[in-house]
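Here's the structure, in structure tokens; my notes come after.
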Amino acid sequence: MSDFVIKRPIDFDLEQTLECGQCFHFEKIAEQDYVLTAYNRALHIAQKDDELVFYNTDKSDFDNIWKMYFDLDRDYEAIKKELLKADPKLAEAIEAKWGVHLLNQSFFETLISFIISQNKQIPHIKKIVADISAKYGDLLYEDSSRKLYAFPSPKQLENVTVEDLKELKTGFRAPYIKDAIDRVLALEFSGTDEASFRAFFDKLSPEETIAELTKIKGVGLKVASCVSLFALNKREAFPIDVWIKRIMEAKYFDGKDTKIPVIEKFAKEKYKDLGGYAQQYLFYYARSLKINKL
DNA sequence: GACCAGGTCAGAC
DNA sequence: GTCTGACATGGT
């Protein structure tokens, strides 16, 4: 198979999009050169000057998967313009992290990954996701120095025990992951494939989606918001973690300790249906500044 | 060695 | 309803 090359969209940067903290299942090979897995496929991709090179990829995989995964059809220039109009204070964050695209990730992987994410640093989340994939998923990519495995399907994890999960260093999250697997398998979807997950959640409002997801033990408002935003294409979601709380307090609440529901209401009124984009620019920016308590 | 990390839950007021 | 400590593990 040959390589598939496109002109890089002006608002897209590969490194920023992968390293901004929205996804965990990739490895950096070199500057602007990555391997990742998604939707049961591996992709070796590089950004060179103003081109994006999808190695060993045909047009049909690009059209059916990667264009959607990298959100390449969306007009980020218009989104930024609207956000800046609503909130000029976003300028710094947007200028610094201008190339972030929100990925359209698969539901089950995103759900489990963000359950794992609680009270963990990103490098460790990545390690656990890679370990679960290596133990239960299919081998998708191999070169001289790395192997990448698909994130396992719900069915592949059907008989996994809490003890198995604890061996993978998931700690107190092990029973949460188990509950998520069981509930996803028990849901009356027509199947456990991505299309049926999407069909199920597409019918739900943002609030109903959060309500449905938080039935899972270990899934609270923050994890449910991340799944809504990063997997279910509900781009008004505004997940509030420690970093977002910090930067919002610093920017808009005079540096004072502010309750999450207050920040949430504030963000909803300000950013409306574009909350998720604002959130991701702010999150990545705050983390790169290593903003600490004032 | 203390302190923190893309939080959540149960139990105490 | 709101607040607090516990929860596993690894990085700084």
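Compute the distance from the alpha-carbon center of the range A:268-289 to that of the range A:38-83, in whole Å.
Taking the Cα centre of the range A:38-83 as reference, the centre of the range A:268-289 is 21 Å away.
At a 1.4 Å probe radius, which order do A:D73, A:D63 fall into by accessible area, largest first?
Order by accessible area, largest first: A:D73, A:D63.
Give me the net charge for the shell around A:D61: Cβ to Cβ below 13 angstrom, other residues only, Lys and Arg +1, Asp and Glu -1.
On the way: positive: A:R41, A:K59, A:K67; negative: A:D3, A:D58, A:D63.
Computed value for this residue: 0.
With label points built 7 Å along Cα→Cβ from the Cα atoms of A:D273 and A:L72, find their separation and express it in nm.
Using points 7 Å along Cα→Cβ, the separation is 2.5 nm.
Apply the Karplus parameterisation 6.51 cos²θ - 1.76 cosθ + 1.60, with θ equal to phi minus 60°, to every residue of the range A:8-19 and state each ³J(HN,Hα) to the nearest whole Hz, in sequence, with x for glycine and proline.
5, x, 5, 9, 10, 10, 4, 4, 4, 5, 7, 8
Using the per-residue mean of other Cβ atoms lying within 10 Å as a proxy for protection, in what order, highest first, do the peptides A:272-285, A:118-131 fall?
Working: A:272-285: 21.8, A:118-131: 15.3.
Those peptides, ordered most packed to least, come out A:272-285, A:118-131.
Using the charge dipole of chain A (Lys, Arg: +1 at Cβ; Asp, Glu: -1 at Cβ; taken about the Cα centre), state which of A:A30, A:V223, A:N233 has its Cα farthest towards the positive end.
A:V223
Using 0.36 nm per residue, how much length does the chain from A:D63 to A:T161 gain when fully extended, once their Cα-Cα distance is taken away? Please report the intermediate quantities before stating the final value.
Values: separation 98, 0.36 × 98 = 35.28 nm, distance 3.79 nm.
The A:D63-A:T161 span can extend by a further 31.5 nm.
Counting heavy atoms of the protein chains only and a 1.4 Å probe, report the per residue accessible area for chain A as a whole number of Å².
It amounts to 47 Å² per residue over chain A.
Dipole size in debye (nearest 20) for the range A:4-73 around its Cα centre, Lys and Arg Cβ +1, Asp and Glu Cβ -1?
The calculated dipole for the range A:4-73 is roughly 240 debye.
Assuming a ≥ b ≥ c are the square roots of the Cα gyration tensor eigenvalues, decide whether the range A:157-290 counts as rounded (a/c under 1.5), prolate (otherwise, with a/b larger than b/c) or oblate.
The shape class here is oblate.
At 0.36 nm per residue, and after removing the present C-alpha to C-alpha distance, how many nm does the segment from A:S144 to A:V262 gain when stretched out fully? Could you put the intermediate results ahead of the total?
Numbers: separation 118, 0.36 × 118 = 42.48 nm, distance 5.05 nm.
Additional length available on full extension: 37.4 nm.
What list of ³J(HN,Hα) values in whole Hz, one per residue of the range A:156-167 in order, does the Karplus curve 6.51 cos²θ - 1.76 cosθ + 1.60 (θ = phi - 60°) give from phi, with Gly and Pro shown as x?
Result, ordered by residue: 5, 9, 3, 9, 5, 9, 4, 5, 4, 5, 5, 4 Hz.
With +1 assigned to the C-beta of every Lys and Arg and -1 to the C-beta of every Asp and Glu, and no other charges, what is the dipole magnitude of chain A about the Cα centre in debye, to the nearest 20?
Computed charge dipole of chain A: roughly 1200 debye.
What does the charge count near A:E92 come to, summing +1 for each Lys or Arg and -1 for each Asp or Glu among other residues with Cβ under 13 Å from its Cβ?
Neighbourhood net charge equals +2.
What accessible surface, in Å², does a 1.4 Å probe find on A:R173, ignoring ligands, DNA and RNA and rounding to the nearest 10?
Number for this one is 10 Å².
Report the FRET efficiency, 1/(1 + (r/R0)^6), for A:A211 and A:K169, where r is their Cβ-Cβ distance and R0 is 35 Å, rounded to 0.05.
Working: r = 31 Å, r/R0 = 0.88.
For A:A211 and A:K169, the calculated efficiency is 0.70.
Between A:H124 and A:I10, with labels modelled 7 Å along Cα→Cβ, what's the label distance in nm to one decimal, could you check?
Distance between label points: 4.3 nm.
Indicate the gyration tensor shape class of the range A:4-73 (rounded, prolate or oblate), computed on the Cα atoms with a ≥ b ≥ c the square roots of the eigenvalues: a/c under 1.5 is rounded; otherwise a/b larger than b/c is prolate and the rest oblate.
rounded
So if R0 is 41 Å, what FRET efficiency would A:L289 and A:S196 give, r being the distance between their Cβ atoms, rounded to the nearest 0.05?
Efficiency for this residue pair is about 0.50.
For A:S117, A:S205, A:S288, give the ranking by accessible area with the largest first, probe 1.4 Å.
Values: A:S117 15, A:S205 40, A:S288 65 Å².
So the residues, ranked largest to smallest area, are A:S288, A:S205, A:S117.
Can you give me the distance in nm between label points at A:S2 and A:I29, each placed 7 Å from the Cα along the Cα-to-Cβ direction?
Once both label points are built, they end up 1.9 nm from each other.
Just how much of A:T161 is accessible, in Å², when a 1.4 Å probe is used and the result is rounded to the nearest 10?
Here the residue's solvent-accessible area equals roughly 60 Å².
Search the structure for amide H atoms under 5 Å from the amide H of A:L140, placed 1.01 Å from N in the peptide plane, and list their residues when 5 or more places away or on another chain.
A:L148, A:Y149, A:A150
Residue farthest toward the positive end of the dipole of chain A, with Cβ of Lys/Arg at +1 and Asp/Glu at -1: which of A:M1, A:A174, A:Y149?
Farthest along the dipole direction, towards plus: A:A174.
For the range A:4-73, with all protein chains present and a 1.4 Å probe, just round the carbon and sulfur fraction of the accessible area to a whole percent.
Working: 1290 of 2890 Å².
Result for the range A:4-73: 45 percent of the exposed heavy-atom area is carbon or sulfur.
The values are calculated or read from the model by the stated rules, or taken from the named source; none is laboratory data. Since this is a predicted model, take the numbers as computed values, not measurements. All Cβ positions, even for glycine, are placed from backbone atoms using ideal geometry, and neighbour counts span all protein chains on display. Quick note on the areas: whole protein, heavy atoms, side chains included, nothing else; ligands and nucleic acids left out. Shrake-Rupley method; radii C 1.70, N 1.55, O 1.52, S 1.80 Å.
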